[in-house]
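**Student:** Structure incoming, see below.
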Amino acid sequence: QVQLVESGGGLVQPGGSLRLSCAVSGSLFGINTMGWYRQAPGSQRELVAAISSGGSTNYADFVKGRFTISRDNARNTVYLQMNSLKPEDTAVYYCYVDRLAYDYWGQGTQVTVSS
């Protein structure tokens, strides 16, 4: 099994920054893509960013130029640096990993952007 623990969420003012972290443990062999989704109240879960084992990245249009995803394979951790945050970025952010064609999810971390 794979366990994911997110951290770094919180309350931030518009224009501010946050860095989310997701530490992965357990059966790590075969992990390919790592990434982040988010879900706002009343909305469907949507992809924010993903990064492959080779370092290729994919971003949703609404975060391009503001968010950066990275991973540290030695520490089995994926990060999401979020800059220029907007109130519409308010959501629960979920980390996920794709391991052997199966997705594993973290418990989510709340990000609130408000003045």
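**Student:** Between residue 45 and residue 86, what length in nm is gained on full extension when 0.36 nm per residue of separation is reduced by their alpha carbon distance?
**Tutor:** 13.0 nm
**Student:** Let me know the volume per residue of the alpha-carbon convex hull for the chain, in Å³.
**Tutor:** In the chain, the Cα convex hull volume per residue is 94 Å³.
**Student:** Test of the criteria: in region 26-115, which trypsin sites (Lys or Arg not before Pro) are in a DSSP loop and have at most 16 other Cβ atoms within 10 angstrom of their Cβ?
**Tutor:** For trypsin sites (Lys or Arg not before Pro) across region 26-115 that sit outside H, G, I, E and B with at most 16 neighbouring Cβ atoms in 10 Å, the list reads 45, 64, 66, 75.
**Student:** Right, another one. Given the Cα-Cα distance of residue 3 and residue 115 and 0.36 nm per residue of separation, how much length would full extension add, in nm?
**Tutor:** Separation in residues times 0.36 nm, less the Cα-Cα distance, equals 36.9 nm.
**Student:** Still on this structure, please answer the following. Suppose all protein chains stay in the model; what accessible area per residue would a 1.4 Å probe give for the chain, in Å²?
**Tutor:** 52
**Student:** Counting other Cβ atoms within 10 Å of each Cβ, which chymotrypsin sites (Phe, Trp or Tyr not before Pro) in region 1-102 have at most 16 and sit in a DSSP loop?
**Tutor:** Answer in residue order: 29.
**Student:** Report, in debye and to the nearest 20, how large the dipole of the chain comes out about its Cα centre when Lys and Arg carry +1 and Asp and Glu carry -1 on their Cβ.
**Tutor:** 160
**Student:** Taking the dipole about the Cα centre of the chain, with the C-beta of Lys and Arg at +1 and of Asp and Glu at -1, give me whichever of 104, 5, 47 is farthest to the positive side.
**Tutor:** Looking along the dipole axis, the top candidate is 5.
The values are calculated or read from the model by the stated rules, or taken from the named source; none is laboratory data. None of the values given here were measured: they were computed from a predicted structure. For neighbour counting, all protein chains shown are included, and Cβ atoms are generated from backbone atoms with ideal geometry for every residue, glycine included. Only protein heavy atoms, including side chains, enter the accessible area calculation; ligands, DNA and RNA are left aside. Shrake-Rupley method; radii C 1.70, N 1.55, O 1.52, S 1.80 Å.
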